[in-house]
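Here, each number is a calculation from the coordinates, and none is a lab measurement. Predicted model only: the values in this text are computed from it and were never measured. All Cβ positions, glycine included, derive from the backbone under ideal geometry; neighbour counts span all protein chains shown.
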Amino acid sequence: MNAWYLAAAILPVGLLGPLWIAARRPPLDGVVAIQVAAVIAALELVVLGEAMRRQALMLPGFILAVVSWPGTLAFLRFLQMERER
């Protein structure tokens, strides 16, 4: 067991806080929490890829890092349209 596996085992614990906030707080607080969770999840995939020495596991982490930001912007636009009604 090396440091990469240790990091891969500890990182999912960091998801508990943001996911709890996203479930229990108002939507705008939840958006920030989901962004933090997306960063942690992307980092987890990259760390797992490095731990197993498989580049194919790193690619979804990089894709998640790139796609999470526009997805958040689209969700915020949806919240804005709902508030205007």
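Some observations on this one:
- Residue identified as surrounded by 15 or more Cβ atoms within 10 Å (Cβ to Cβ) and in contact with a Pro (Cβ under 6 Å, 6 or more places away or on another chain) among 37, 42: 37
Residue by residue, here is whether (1) free of Cβ contacts under 8 Å to residues at least 40 places away in the same chain; (2) of a type in the set (Lys, Arg) holds:
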position: 28; (1), (2): no, no
position: 35; (1), (2): yes, no
position: 42; (1), (2): yes, no
position: 53; (1), (2): yes, yes
position: 56; (1), (2): yes, no
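- You will find that of 23, 8, the residue that is in contact (Cβ under 8 Å) with a residue 12 or more places away in the chain and out of contact with any Ser or Thr (no Cβ under 6 Å at 6 or more places or on another chain) is 8 and no other.
- Filter pass, residue 49 being crowded, with 16+ Cβ neighbours inside 10 Å, without any contact (Cβ under 8 Å) to a residue 12 or more places away in the chain, in a helix (DSSP H, G or I) and in contact with a helix residue (DSSP H, G or I) (Cβ under 8 Å, 6 or more places away or on another chain): no
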